[in-house]
1. Pick from 72, 209, 133: which residue has the top mean-square fluctuation in a GNM of the chain where Cα pairs under 10 Å get a spring?
2. HN-Hα J couplings of segment 133-143 from phi, Karplus 6.51/-1.76/1.60, θ = phi - 60°, integer Hz, Gly and Pro as x?
3. Under 1.5 on a/c is rounded, so check that first for segment 248-336, then, if it is not, pick prolate when a/b is larger than b/c and oblate when it is not; a ≥ b ≥ c are the square roots of the alpha carbon gyration tensor eigenvalues.
4. Find how much the distance from residue 178 to residue 93 grows on full extension, using 0.36 nm per residue of separation minus their present alpha carbon separation; answer in nm with one decimal.
5. With every protein chain left in place, what is the accessible area of residue 46 in Å² (1.4 Å probe, nearest 10)?
6. Taking the simple approach of a point 7 Å from Cα along Cα-to-Cβ for both residue 188 and residue 52, what is their distance in nm?
7. Give the residue list of trypsin sites (Lys or Arg not before Pro) in segment 161-248 that are DSSP loop and have at most 10 other beta-carbon atoms within 10 angstrom.
8. For residue 198 and residue 36, what does the FRET efficiency come to when R0 = 56 Å and r is the distance between their Cβ atoms, rounded to the nearest 0.05?
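The values are calculated or read from the model by the stated rules, or taken from the named source; none is laboratory data. Keep in mind the model is a prediction, meaning the values are calculated, not measured. Here Cβ is always computed from backbone atoms with ideal geometry, including for glycine, and neighbour counts include all displayed protein chains. Calculation scope for accessible area: heavy atoms of the full protein, side chains included, ligands and nucleic acids excluded. Shrake-Rupley method; radii C 1.70, N 1.55, O 1.52, S 1.80 Å.
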Amino acid sequence: MASVWAKSIVNLQVLAVFFCLMVCLPPGGGQKKKENLLSEKVDQMMEWSSRRSVIRMNGDKFRRFVKAPPRNYSVIVMFTALQPQRQCSVCRQANEEYQVLANSWRYSSAFSNKLFFTVVDYDEGADVFQQLNMNSAPTFMHFPAKGKPKRADTFDLQRIGFASEQLAKWIADRTDVQIRVFRPPNYSGTIALALLVSLVGGLLYLRRNNLEFIYNKTGWAMAALCVVFAMTSGQMWNHIRGPPYAHKNPQNGQVSYIHGSSQAQFVAESHIILLLNAAITMGMVLLNEAATSKGDVGKRRIICLVGLGLVVFFFSFLLSIFRSKYHGYPYSFLIK
């Protein structure tokens with residue numbers, strides 16, 4: 001009987017303590033704690049933004065300030081590999097554009113705590129790359145204020161490029177935040193153009209008594225061919241994307257000059273394509289010369305054979321490169 005009374009007394013004491021806690025604690029304590037945590041996160045993000053436009057994050061900071069709730073702000077994250085040993089020239093160029101965009105937002109009149117720009121480098125947050133199953137860089141992702149990222153929250157860099165204006169348009173679509181891009185002045189293009197005009201003007205002045213070279217058809221044809229070769233080989237793509245010259249496999253040391261995908265190329269690859277196009281063009285010129293000239297028949301036959309050999313061999317080489325990039329292409333000629 002005594003044990004029963006003892007248990008009853010203990011239960012009454014527990015109920016009394018619980019009742020006191022319910023009475024003493026203010027209503028909505030959990031909600032207030034959540035608000036305090038959110039306020040601390042926003043204040044910390046604003047403090048980091050005041051120091052630099054792009055906040056550098058490791059794995060712990062990423063999970064706490066980007067992934068974990070509560071969060072009422074959007075975060076743009078650039079996943080990259082900027083260390084020199086990674087040899088990612090595209091990462092460096094994309095980072096420059098990203099910095100321009102982040103600075104434009106940081107110093108604009110519309111700046112607020114609703115959007116932050118961050119970066120996760122592979123050497124500082126490899127666990128984040130593994131967590132997101134990410135195996136390429138650079139990659140831009142938007143983490144919305146509510147919910148999880150959707151497919152459209154990953155920027156299509158391969159199709160659109162990484163210019164600040166394109167990133168700003170994508171951010172506006174995802175967050176309704178309009179960012180006007182302000183670029184620092186760059187006078188290198190103006191100076192180069194002025195030097196070129198001065199050089200051409202000086203040459204024309206020195207040759208002012210004999211300007212027949214201006215009407216030289218062969219000279220203009222060669223200049224036009226150089227421009228065509230440069231454009232068709234992908235030099236403009238190299239200028240925009242900034243790919244590496246070649247790729248060296250760290251495991252076996254083998255150097256690749258041809259990229260295995262149709263979505264990318266190396267600088268060396270564009271040089272190879274340029275030389276192949278030039279050789280094919282030379283072969284066509286020789287064939288035309290053999291057919292239209294009125295010289296010795298034996299000499300014309302040799303020129304014809306040389307031109308035909310150039311066209312056949314180098315076009316076969318060009319076609320084999322095309323096959324290696326566009327897998328499944330069924331046609332080949334001489335070289336597989």
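1. In the Gaussian network model the winner is 209.
2. Along segment 133-143, the couplings run 6, 9, 10, 9, 8, x, 9, 10, 10, 10, 9 Hz.
3. prolate
4. So the extension gain works out to 28.3 nm.
5. Solvent-accessible area, nearest 10 Å²: 60 Å².
6. 2.2
7. Sites meeting the loop and neighbour criteria: 208.
8. 0.30
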